[in-house]
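*Asks:* After the structure tokens below, expect a handful of questions from me.
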Amino acid sequence: MRDLDEKLNGLLATAVNAHQAGQWEQARDIYLQILALQPDHADALHLCGLIAFQNGDFAGAGDLINRAIAADPSVALYLENLGRVAMAGNDHAGALAAWQKALELDPQSADIRSDISGALLGLEQGEDAFQQVRNALRIQPDHALALMNKGLALVMLGRVSPAIAALEKASEKQPENAAIWFQIGRLYQQIKDDEMAEVAYRNALKNAPAHFEALNNLGNILHDQMRFEDAIAIYRQAMKINSRQSDLHSNLGVALHESGNAEAAIDCYRTAIDIDPDNAEARRNLGMALLQSGAYAEGWAAYEWRWQTRHFKPVLRSWKQPRWQGEAAADKTILVHCEQGFGDSIQFSRYLPRVADRVGRVIVEAPAELAGLLGRIDGVFRVIVSGAALPDFDAHIPLLSLPYVFATTEQTIPGMVPYLTADAEKAAFWKTRLARRAGEKLIGLAWKGSSAHQRNRMRSPGLAAFAPLFGLAPGYRFISLQKETGIHRPDFTGQSERLEDHTSQLHSFDDTAALIVNLDAVVSPDTAVAHLAGALAAVSCIALPANAEWRWPRDGRTSPWYPGATLFRGEPDGDWASCVAGIKRQLMNLGR
């Protein structure tokens, strides 16, 4: 017996050395030799199970480690590793059970208590996880994994700031731990601190270059900062790790699209859809890219997938009445409901007369700011302000689905303007208030869009970019159409001498329309003001970024949506100088 023990001990030592040296196959063969001599050898069973675990055989690992525990139930380490096998297989309950038994054997182990907190986090038991991690840190205050789990528990409890503090402390203890840096990045990204999130993700990638989630998230941050080429490079790096991730192809497509490469973007969106046909984000994005490229039929159809996306699902209306499909229904009342921003509603309200041609009555649900304006469109029976009780109706349709229903092509866009009209009494008020002197040119000016728009920084030049216009002769009077800001805001400083502000009198787009019809021209970026001017058939100069949204043609100076508008484009690097210079020349030729 003594000779057998000595032989087994020698074999075990040799196997452990091979195991630690990464020679797993050799180590396993020796463990199996031990088990052939002593089938219930607990250490050999346990270590053989670890090799199975390291090779990704979770079921085999669990079986071998359970046999080790049966052979010797007094060893906490066996139960600890059994828990780790269970966690790797996302069996949080199994891991918790194993670790709780291990804790009975070793109640002063900070490692085990930290592991238990991880299992509880997986079971979404944030408060219990927090208590376990506090116990672990009482035993070992600098326990890095416990600090990380403390941060994750605090996130689950809605305490983001202390969570970041805990995770950053963990990173000080283990600066090489990519998982900790990744969690820090996620939290900073959650609170919109992209600068710190980028630092954290880059630290994660320094320690784990193949960390797919860190690469994807970093790419998203770079995209949001409009650093498109950087984002594209990161997405391509992530694709080398996992090229079958549908969202990654979609994200790459967005970055390519935003950088002006619509054709490559379309290819990415199609690949994303091939991988996951239910990827609504990719389908919606494909729709917008196709529409910008002039492929209207496929584009409108793909754009209907917007209702399955994260952004639109919460605002999807669930009425008992059916969706109107464009059929003639002379005895029916159709509800058309605005679904997106003011500019979208203005642009696509041109379809309302076409709806009226096919049905008995058209009711429109719209924001209060648009109610008066849309109520004067031919064929609109009644406008209901959003949030008010709706009258009876037979069917409904979202406003931006009308181009799809009417099978719109570039040649069949309802381009007749004006399709909106100003209130005569309000227009008379503005004519008196502006008190135009002989020979004066009145120019309406807006310089930025809503700050809530995700592309606002790209599409908004800002007032300073338009400053060269104020070099025009004194006979040009500039009238602010920028309702969102007044002359007391910082971006107005130094410009108020040439820029008149009457925006305190603009309470709705009805008021703005009445002001615009008294002007000689409107200058605006891609905002609701630009759409309003176009819909009123006002002479307008639209300042677009180099790569504008899908509603504007990719090339040329004219738009099939707004025949009275002239399009001017900024540079790819975000410089607006040449764009504004072109607008200035256009204004100099007014009336010639």
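The values are calculated or read from the model by the stated rules, or taken from the named source; none is laboratory data. Here the structure is a predicted model, which means the values were calculated and not measured. Every residue, glycine as well, gets a Cβ built from its backbone with ideal geometry; the counts of neighbours run over all protein chains shown.
*Asks:* Inspect segment 394-416 for any residue being of a type in the set (Gly, Ala, Ser) and part of a loop (DSSP other than H, G, I, E, B) and give the result as yes or no.
*Replies:* Looking through segment 394-416, at least one residue is of a type in the set (Gly, Ala, Ser) and part of a loop (DSSP other than H, G, I, E, B).
*Asks:* Quick one: how many residues across segment 360-374 are in a helix (DSSP H, G or I) and either of a type in the set (Asp, Glu) or surrounded by 16 or more Cβ atoms within 10 Å (Cβ to Cβ) (or both)?
*Replies:* 6
*Asks:* Quick check, is Arg270 among the basic types (Lys, Arg), more than 18 Å from the chain's Cα centre (by Cα) and outside any helix (DSSP H, G or I)?
*Replies:* Judged against the criteria, Arg270 is not a match.
*Asks:* For segment 67-102, give me each residue that is crowded, with 17+ Cβ neighbours inside 10 Å, free of Cβ contacts under 8 Å to residues at least 24 places away in the same chain and not hydrophobic (A, V, I, L, M, F, W, C).
*Replies:* Asp91, Gly94, Lys101
*Asks:* Can you tell me which residue in segment 342-354 is farthest from Thr527 (Cα to Cα), limited to those that are in contact with a helix residue (DSSP H, G or I) (Cβ under 7 Å, 6 or more places away or on another chain) and hydrophobic (A, V, I, L, M, F, W, C)?
*Replies:* Among residues in segment 342-354 that are in contact with a helix residue (DSSP H, G or I) (Cβ under 7 Å, 6 or more places away or on another chain) and hydrophobic (A, V, I, L, M, F, W, C), the one farthest from Thr527 (Cα to Cα) is Phe348.
*Asks:* Taking the criterion of being in contact (Cβ under 8 Å) with a residue 24 or more places away in the chain and at positive phi, would at least one residue in segment 332-353 satisfy it?
*Replies:* no
*Asks:* Please go through segment 170-211 and give me each residue that is among the hydrophobic types (A, V, I, L, M, F, W, C) and within 16 Å of the chain's Cα centre (by Cα), ordered by number.
*Replies:* Once the filter is applied, which keeps residues that are among the hydrophobic types (A, V, I, L, M, F, W, C) and within 16 Å of the chain's Cα centre (by Cα), segment 170-211 yields Leu187, Ile191, Ala197.
*Asks:* Can you go through Val417, Val383 and tell me which one is in contact with a helix residue (DSSP H, G or I) (Cβ under 7 Å, 6 or more places away or on another chain), at pLDDT 95 or above and either at positive phi or not assigned by TED's automatic domain parsing to the domain that holds Pro461 (or both)?
*Replies:* Going through Val417, Val383 in turn, the sole match is Val383.
*Asks:* I need every pair where a residue in segment 431-452 that is over 22 Å from Ser540 (Cβ atoms) has its Cβ under 7 Å from the Cβ of a residue that is assigned to a loop (DSSP other than H, G, I, E, B) and charged (D, E, K, R), sequence separation at least 6 or different chains.
*Replies:* Filtered contacts from segment 431-452: no entries.
*Asks:* Between a first residue in segment 285-310 that is among the hydrophobic types (A, V, I, L, M, F, W, C) and surrounded by fewer than 21 Cβ atoms within 10 Å (Cβ to Cβ) and a second residue that is assigned to a helix (DSSP H, G or I) and at pLDDT 95 or above, which pairs have beta carbons less than 6 Å apart while being 6 or more apart in sequence or on different chains?
*Replies:* Trp305/Ala280; Trp305/Arg283; Trp305/Arg284
*Asks:* Tally the residues that are more than 18 Å from Arg67 (Cα to Cα) and surrounded by 13 or more Cβ atoms within 10 Å (Cβ to Cβ), restricting the search to segment 9-28.
*Replies:* Counting residues in segment 9-28 that are more than 18 Å from Arg67 (Cα to Cα) and surrounded by 13 or more Cβ atoms within 10 Å (Cβ to Cβ) gives 11.
*Asks:* When you check Pro367 against the structure, is it out of contact with any strand residue (DSSP E or B) (no Cβ under 9 Å at 6 or more places or on another chain), under 18 Å from Ala535 (Cα atoms) and not hydrophobic (A, V, I, L, M, F, W, C), yes or no?
*Replies:* no
*Asks:* Of all the helices (runs of 4 or more DSSP H) wholly in segment 276-359, which have at least 3 residues that are assigned by TED's automatic domain parsing to the domain that holds Ala265, more than 18 Å from the chain's Cα centre (by Cα) and not aromatic (Phe, Trp, Tyr)?
*Replies:* The qualifying helices (runs of 4 or more DSSP H) are 280-293, 296-303.
*Asks:* Restricting attention to segment 148-157, does a residue exist that is assigned to a loop (DSSP other than H, G, I, E, B) and either within 29 Å of the chain's Cα centre (by Cα) or over 24 Å from Val75 (Cα atoms) (or both)?
*Replies:* yes
*Asks:* Does Lys192 satisfy being of a type in the set (D, E, K, R), assigned to a helix (DSSP H, G or I) and out of contact with any His (no Cβ under 8 Å at 6 or more places or on another chain)?
*Replies:* For Lys192, the condition - of a type in the set (D, E, K, R), assigned to a helix (DSSP H, G or I) and out of contact with any His (no Cβ under 8 Å at 6 or more places or on another chain) - is not met.
*Asks:* Got a number for residues in segment 500-529 being touching a Ser or Thr at 6+ places or on another chain (Cβ under 9 Å) and over 23 Å from Arg436 (Cβ atoms)?
*Replies:* Number of matching residues: 4.
*Asks:* Please identify the pairs in which a residue from segment 389-415 that is free of Cβ contacts under 8 Å to residues at least 60 places away in the same chain has its Cβ atom under 7 Å from the Cβ atom of a residue that is of a type in the set (A, V, I, L, M, F, W, C), counting only partners at least 6 apart or on another chain.
*Replies:* Listed pairs, sorted by first residue: Leu390/Leu335; Leu390/Ile384; Pro391/Ile363.
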